[in-house]
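Trainee: Submitted below is the structure of interest, expressed as structure tokens.
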Amino acid sequence: MAFWGILTGILCIAAIIALGFFRAAQHMKVERMRSELESQGVDAEDISSRLDSITYDIPQQVAPSLVIAAVISFAFGMFNQVFFYAEPGFVYHVRTITGEEKVVSDVGYNTYLFGRYNAWKRSMTVQAVVGKREELTAERDDAFASALLPPLNIMFLDQVDADAEATVRFSIPQDQENFLKLAHEYRSPENLLRTALIPAFKETLQSTASLMGAEEYYSGGRSGFNSEFENQMANGIYIVKREEQLSRSNRKQKSSANAALGEEQQDYGDETKIEFVVMKQVDENGIPKRKVQKFTNFGITVLDARVTDMRPNKKFVERMQLKQKASADRAIAREQRIQEEEQRLLAIAKGEREVAERQAKAKVEQIQHTTEAETEKQLAITGAEKLKEQAEIAKETAQIELEKARIEAETQRTLADAEAYQKKVILQADNALAQKLQAEVEIQKLWAEAFAKRQVPTNVFGGNGSGGAPVGSDAETKAFMQMLTLDAAKRLNYDRDITKAKK
């Protein structure tokens, strides 16, 4: 864009110059023709018309327009040589035409005055990942990482190699002193990655692998490996020394050649083995010695470091599979032995439970029979006591009834005596006149009711002689009633006179 802007400006200036030459040439031609026509004696009006016909009229605005276009083109072309735009996430090393150096980390337009500048990412990533080849994309903002590497082949302490995938992110300094020192030393981000960061990445990963064995890594040491890798990337690589150590096993090894001995086998071997260990070298203060990472001298720090994957060789994988199978078989055998032991204990417990159940059942029956006998005994005692109490109550009740009857008899006798005495006194007082009168009234009432209810024929035929048959006349009935009254009086035989009381 800068080239085309400057070229356009040069062309505009050339057009202005050409326009000036053209106008000057035309003016000279017109003046020469005017002189010739005047020398020939041509009229002035005719001269003007002839000169106008051969004159090319160029607008007056053309030259100012060309000047403005030239200025704009030169400004546009020179802008990119004077200014640049600082993108976010980058630090820029700027060198001006006057030899001045500066560090630009702010976002926006900045000047570099026909000098040079190059961009450094604030954070650079070195990554080893499967399926990639070595590639540097230090200044590309859209790149996946600053440096991509294939998986690194490392060697563990127990001579097992593996392909490791890891990622480390570095932060470059932003202060002017350290950044200019870094820029002077490496000149470009590619050189920094190629000569400092990538070698440190590879060396630290291999150094970390030499601290432990592959079996230790795959037996739970993965987190420790990652921690040591990040620690050594940030603070330096440990200075170590590989040593052989003789260790003794706590488990006794026994021979199984003599089957007659059973479990009482003879010991064999010394239960010792040789192990290779890596010892960290320490100073007089007991602090581990380290090989300092060179990039830290320029203010570069490690933001993050982690091992993402580890693929051991096929032989180790096969060995681990056999070991896992053997471990699984031992675990299965152990579980089966435990199961058999549990079955034995279950059988014993089951027998003990059945015996306990029978004992408990017999005890329950014994307790039940004892309880029932005791209950029957208590019920018999209670029934006897109840009968005894009922007899006593009945006896007391009989005595009370007897006493009550005696009292009632005495009361009745006393009341009868009193009533008899009362009646006797009354009878003696009026010779039983009231009773006699009452009886007579009752007798008369009965006869009157009987006479009133007698069956009397509607028509009576008969004579008045005394020797005739009774025909139910009133006279006969009256005579009959008198006879009955007389008979009743004889039977009553009472005296209607009131006996005077004796003085």
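Trainee: Residues of the stretch 418-442 being open to solvent by less than 60 Å² (accessible area, probe 1.4 Å), modelled with pLDDT under 75, part of a helix (DSSP H, G or I) and out of contact with any Leu (no Cβ under 8 Å at 6 or more places or on another chain), which ones?
Mentor: Once the filter is applied, which keeps residues that are open to solvent by less than 60 Å² (accessible area, probe 1.4 Å), modelled with pLDDT under 75, part of a helix (DSSP H, G or I) and out of contact with any Leu (no Cβ under 8 Å at 6 or more places or on another chain), the stretch 418-442 yields Asp430, Leu433, Ala434.
Trainee: On to the next question. Just to be sure I understand the filter: pairs with C-beta atoms under 9 Å, separated by 6 or more residues or on different chains, first member in the stretch 193-204 and over 16 Å from Ala164 (Cβ atoms) and without any contact (Cβ under 8 Å) to a residue 12 or more places away in the chain, second member open to solvent by 10 Å² or more (accessible area, probe 1.4 Å) and part of a helix (DSSP H, G or I). Which pairs pass?
Mentor: The qualifying pairs are Thr195/Tyr186.
Trainee: Thr371 passes all but one of (1) more than 60 Å from the chain's Cα centre (by Cα); (2) open to solvent by less than 90 Å² (accessible area, probe 1.4 Å); which number fails?
Mentor: The number of the failed condition is (1).
Trainee: Checking Ser207 against (1) modelled with pLDDT of 85 or more; (2) touching a His at 6+ places or on another chain (Cβ under 6 Å), which test does it fail?
Mentor: The number of the failed condition is (2).
Trainee: Sticking with this one: Tell me the residue from Glu401, Glu389 that is surrounded by 11 or more Cβ atoms within 10 Å (Cβ to Cβ) and out of contact with any helix residue (DSSP H, G or I) (no Cβ under 9 Å at 6 or more places or on another chain), please.
Mentor: The unique qualifying residue is Glu401.
Trainee: Suppose we filter the stretch 103-113 for residues that are outside any loop (DSSP other than H, G, I, E, B) and out of contact with any Ser or Thr (no Cβ under 8 Å at 6 or more places or on another chain); how many remain? Before you say what the answer is, go through the steps one by one.
Mentor: Quick first cut of the stretch 103-113, residues outside any loop (DSSP other than H, G, I, E, B) only: 103-104, 108-111.
Filter once more, keeping what is out of contact with any Ser or Thr (no Cβ under 8 Å at 6 or more places or on another chain): 103-104, 108-110.
Selection size over the stretch 103-113: 5.
Trainee: Follow-up question, since we're still on this one. Go through the stretch 114-196 and tell me which strands (runs of 3 or more DSSP E), entirely inside it, have 1 or more residues that are touching a Pro at 6+ places or on another chain (Cβ under 8 Å), farther than 21 Å from Asp304 by Cα and open to solvent by 40 Å² or more (accessible area, probe 1.4 Å).
Mentor: Values: elements: 116-121, 123-128, 147-149, 152-155, 161-171.
By residue number, 161-171.
Trainee: Cβ-Cβ under 7 Å, sequence separation 6+ or interchain: first residue in the stretch 301-326 and closer than 30 Å to Met124 by Cα and touching a residue at least 12 places away in the same chain (Cβ under 8 Å), partner open to solvent by 80 Å² or more (accessible area, probe 1.4 Å) and of a type in the set (Lys, Arg). Which pairs?
Mentor: Listed pairs, sorted by first residue: Leu303/Arg169; Asp304/Arg169.
Trainee: Residues in the stretch 284-333 that are among the charged types (D, E, K, R) and touching a helix residue (DSSP H, G or I) at 6+ places or on another chain (Cβ under 7 Å): how many?
Mentor: 3
Trainee: Just to be sure I understand the filter: pairs with C-beta atoms under 9 Å, separated by 6 or more residues or on different chains, first member in the stretch 112-130 and in contact (Cβ under 8 Å) with a residue 60 or more places away in the chain, second member polar (S, T, N, Q) and not in a strand (DSSP E or B). Which pairs pass?
Mentor: Asn118/Ser188; Trp120/Ser188; Lys121/Ser146; Ser123/Ser146; Met124/Ser146; Val126/Ser146
Trainee: Residue check: is Phe170 modelled with pLDDT under 90, in contact with a strand residue (DSSP E or B) (Cβ under 9 Å, 6 or more places away or on another chain) and either over 20 Å from Val317 (Cβ atoms) or polar (S, T, N, Q) (or both)?
Mentor: It is false that Phe170 is modelled with pLDDT under 90, in contact with a strand residue (DSSP E or B) (Cβ under 9 Å, 6 or more places away or on another chain) and either over 20 Å from Val317 (Cβ atoms) or polar (S, T, N, Q) (or both).
Trainee: Now for a different question. For the stretch 278-293, enumerate the residues that are surrounded by 13 or more Cβ atoms within 10 Å (Cβ to Cβ) and among the charged types (D, E, K, R).
Mentor: Result: Lys280, Lys289, Arg290, Lys291.
Trainee: So, one more: So, Ala362, is that one among the aliphatic types (A, V, I, L, M), modelled with pLDDT of 85 or more and open to solvent by less than 60 Å² (accessible area, probe 1.4 Å) or not?
Mentor: yes
Trainee: Residues to consider are Met233, Met212; find the one that is open to solvent by less than 50 Å² (accessible area, probe 1.4 Å) and at pLDDT 90 or above.
Mentor: Met233
Trainee: Checking Gln324 against (1) in a helix (DSSP H, G or I); (2) at pLDDT 85 or above; (3) closer than 30 Å to Gly224 by Cβ, which single condition isn't satisfied?
Mentor: (2)
Trainee: In addition: Read through the list (1) open to solvent by 90 Å² or more (accessible area, probe 1.4 Å); (2) at pLDDT 85 or above, then give the number of the only condition that Arg337 fails.
Mentor: Condition not satisfied by Arg337: (2).
Trainee: Here is a check on your reading of the model: is Glu318 over 30 Å from Ala128 (Cβ atoms) and surrounded by 10 or more Cβ atoms within 10 Å (Cβ to Cβ)?
Mentor: So Glu318 does not fit the description; no.
The values are calculated or read from the model by the stated rules, or taken from the named source; none is laboratory data. From a predicted model like this one, the values you see are computed outputs, not experimental measurements. Cβ coordinates were reconstructed from backbone atoms using ideal geometry, including for glycine residues, and neighbour counts include every protein chain displayed. Note: accessible area is taken over every heavy atom of the protein model, side chains too, but ligands, DNA and RNA are not part of it. Shrake-Rupley method; radii C 1.70, N 1.55, O 1.52, S 1.80 Å.
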